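Down below is the structure, laid out as C-alpha cells.
The values are calculated or read from the model by the stated rules, or taken from the named source; none is laboratory data. Please read these numbers as outputs of a predicted model, since none were measured by experiment. A quick note on method: Cβ atoms are made from the backbone with ideal geometry, for glycine too, and the neighbour counts reach across all protein chains shown. Side chains are part of the model used for accessible areas, which takes the heavy atoms of the whole protein and leaves out ligands, DNA and RNA. Shrake-Rupley method; radii C 1.70, N 1.55, O 1.52, S 1.80 Å.
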Amino acid sequence: MKPVPKSIISDFRHGILLTLLALFIVIFFWSSLERFEYGLYDLGSRLRVKPTNAPVCIVTIDDRSIDALGPWPWPRSYIGFMIDLLESYEAKVIGLNIIYSDKDLNRGLKEIINIINTIENNPQYSEKNIGMIVLLAALKDAEKRLDNDAILADSIASSKKVVLPLLFHLGNSKNNAEINYPDYLLANSLFPFPHNNSIIAGKISVPIDIFAQEAQRLGHVNILADNDGIVRRETLFLTYQERIHASFALQLSLSYLNLDLGDLVFGKNVAFGQKSIPLIKQNKMLISFKSDFPRYSFVDVINKKIAANAFQNKIVIIAPTAAGVGEYVDTPVASALPSVNIITNIIDNILNNDYITRPEWAFALELMVIFFFGLYIALVVPRLKAVVSGFISCFLILIWLIGGLYLMVTYGYWIRAVYPALVLLIGYIVIMSKRYKITPKVDAG
C-alpha cells in the first residue's frame, strides 16, 4: 500500500485545528467578531424592508408644530385636546410617548389658588356678598382652565384608550427593600415566569398618579442598542422589584387585540391569542424593519387638515420628533431614526406575525458547515492548483453568504454565516502560505 504523503497528513491536521479554532472563536469570542456578523445581518435587514400594512400611525410633535404652537414643553392641555380629537375620530388605541413624571409648574395657577385660599380662609371674607361670590366663581373657573394636569387627566380618563410610558433605569437598586407597588403598577406587571432572564432594572420613572391611574395600560419605553450602538432588538420585558413589565409596543399591541398581560403564555416563545413572538436571550425579539408608516404633523391634526378616517380603528402614537425634543436611534436600515419608529416596527411585527428569528436548527447548520469547510481545507485544497482552489473557495464562501442572506430576506431566519466563511477564508490562506513557503526549498534542490 502506497503511504499517505506527510504533506497531506499535515494539511489534514491544519484543517482539523482550524475547525476547532473556529468553534472556539464562536463560543468565546463572539463579541470581538460580532461587527462582521452584524454587517451581514444589517444588509439582510435592509434587503428585507417592505412597506407596512399595520393599523398604526404617528402624530408627530415636529419642528413645524413647535414653530406654530410655541416652544416645547407645551401646556399639557394641548395633549389633552389631541386625545379628545383622536377619540372623536374613533382611534382604537392611543399611545402617548411622553413621560410626565412631575406635576405641571404653572405659576399663574399657583397664584390663583393662593388668592382663593386667602379669600376662603380669611375671617374678613367670612360673610361673602354677591360680588365676592362672583369673584370666587371666576377664580375657580380660571383655576380649572389653567390646571393643565387636570385637563389632560380628564382626557385620559374619558378616552379609556390611552397607553402611557414607563422608563426604567437599568441595574440593581442599591436599596433592595421591597416597595409598595401602587395599584396601577400591579395591574401592569406580572410575577416572573419560569426561567425568566429579563434585564433587571433598579429604578423607575412613572407618570404622575392622576395620569397613571386613568391610563388603560402602562409599558416601558427603554430602547437598548447592541454593543455597536445599533438597535436591532426589542426588550419585551424588564424585571423590577421581582415583577416583570411589558414594553410600550407590546402593551399597545395587546390593547389593539383586546388582550391583557394575563393572556400571555410563556415558553421558548411568548404566545397570546393567535400570535406568538419568538424570544431570544434576555426575553428580547429581533426587529423586522418596515417602511412608510403614516406620519401626521401635530399642528395639521389639530387644525383638522387630516381626514378622520386616517385614525379610525388604528393605533395612534403621539410622540415628539422635533430636533432637541425627540429621541433618535441608529438602526440597520437608517441612522438617526425617531425612536417612535422602533415602536411602530415592533407593533407591525406583532400584529403581522412577521419576525426575524434564530431557528432551532441554525446552530446545528452552522456547525455542519464549519466542519464541511474544515474538511474541504484539509483534504481538497492541498490537492488543487492555487488558482482552482482559490476560485472554488471564493465560490463556496459566496454561495454560503448569499444563502444566509436569502434565508433572512425570504423567511426571516438569521443564520450566523460569517463564522463558517471565516473558517474557509483563514484556512485557505494558511494552506496557501504553507505551500509557497515550502515550494522554494523544493525547487532549490
Inter-label distance for Trp361 and Asn227, nm, one decimal - labels placed 7 Å from Cα along Cα-to-Cβ: 3.0 nm
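Summing +1 for each Lys or Arg and -1 for each Asp or Glu, what net charge is found among the other residues whose Cβ lies under 13 Å from the Cβ of Asp226?
Values: positive: Arg35, Arg232, Arg233, Lys281, Lys284; negative: Glu34, Glu37, Asp42, Asp228, Glu234, Asp330.
In short, -1.
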Computed E for Met432/Asn353 - FRET, C-beta separation, R0 35 angstrom, nearest 0.05: 0.15
Cut-off 18 Å, label 7 Å out along Cα→Cβ of Asn53, residues of the range 341-362 by amide N: 345-356
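How much length is gained if the chain between Ala334 and Ile200 is pulled fully straight, taking 0.36 nm per residue apart and subtracting their Cα-Cα distance, in nm to one decimal? Provide the component values of the computation, followed by the final result.
On the way: separation 134, 0.36 × 134 = 48.24 nm, distance 2.88 nm.
Between Ala334 and Ile200, full extension yields 45.4 nm more.
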Percent carbon-and-sulfur accessible area, the range 232-377, ignoring ligands, DNA and RNA, probe 1.4 Å: 51 percent
Theoretical gain in end-to-end length, Leu17 to Glu90 [0.36 nm per residue, Cα-Cα removed]: 19.8 nm
Table column - 3J(HN,Hα) (Hz), the range 378-386, Karplus curve with 6.51, -1.76, 1.60, x for Gly and Pro: 6, 10, 9, 4, x, 9, 10, 5, 4
Shape metrics for the range 386-435, restricted to C-alpha atoms - Rg then Dmax, Å: 12.8, 42
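Determine the gain in length on full extension of the stretch Ile210-Leu398; use 0.36 nm per residue of separation and subtract their C-alpha separation, reporting nm with one decimal.
Numbers: separation 188, 0.36 × 188 = 67.68 nm, distance 5.91 nm.
Once the chain is fully extended between Ile210 and Leu398, it gains 61.8 nm.
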Rg ratio (alpha-carbon, reference 2.2 N^0.38 Å) - the range 151-271: 1.08
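Could you work out the local net charge near Ala364, counting Lys and Arg as +1, Asp and Glu as -1, over the other residues with Cβ closer than 14 Å to its Cβ? Present the calculation step by step, with values, prior to reporting the outcome.
Numbers: positive: Arg358, Arg416; negative: Glu360, Glu366.
Charge balance near Ala364 sits at 0.
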Summed residue charge, Cβ within 13 Å of Gly95's Cβ, Lys/Arg positive, Asp/Glu negative: +4
Cross-link table Lys275/Lys314; Lys160/Lys290; Lys103/Lys305; Lys92/Lys160, entries beyond 20 Å C-alpha to C-alpha: Lys160/Lys290; Lys103/Lys305
1.4 Å probe accessible area per residue over the range 254-308, in Å²: 47 Å²
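Which peptide among 322-332, 88-98, 290-300 comes first, and what is the full order, when sorted by highest mean count of other Cβ atoms within 10 Å? List each step's numbers first, then the result.
Values: 322-332: 15.5, 88-98: 21.5, 290-300: 17.6.
The packing order, highest mean first, is 88-98, 290-300, 322-332.
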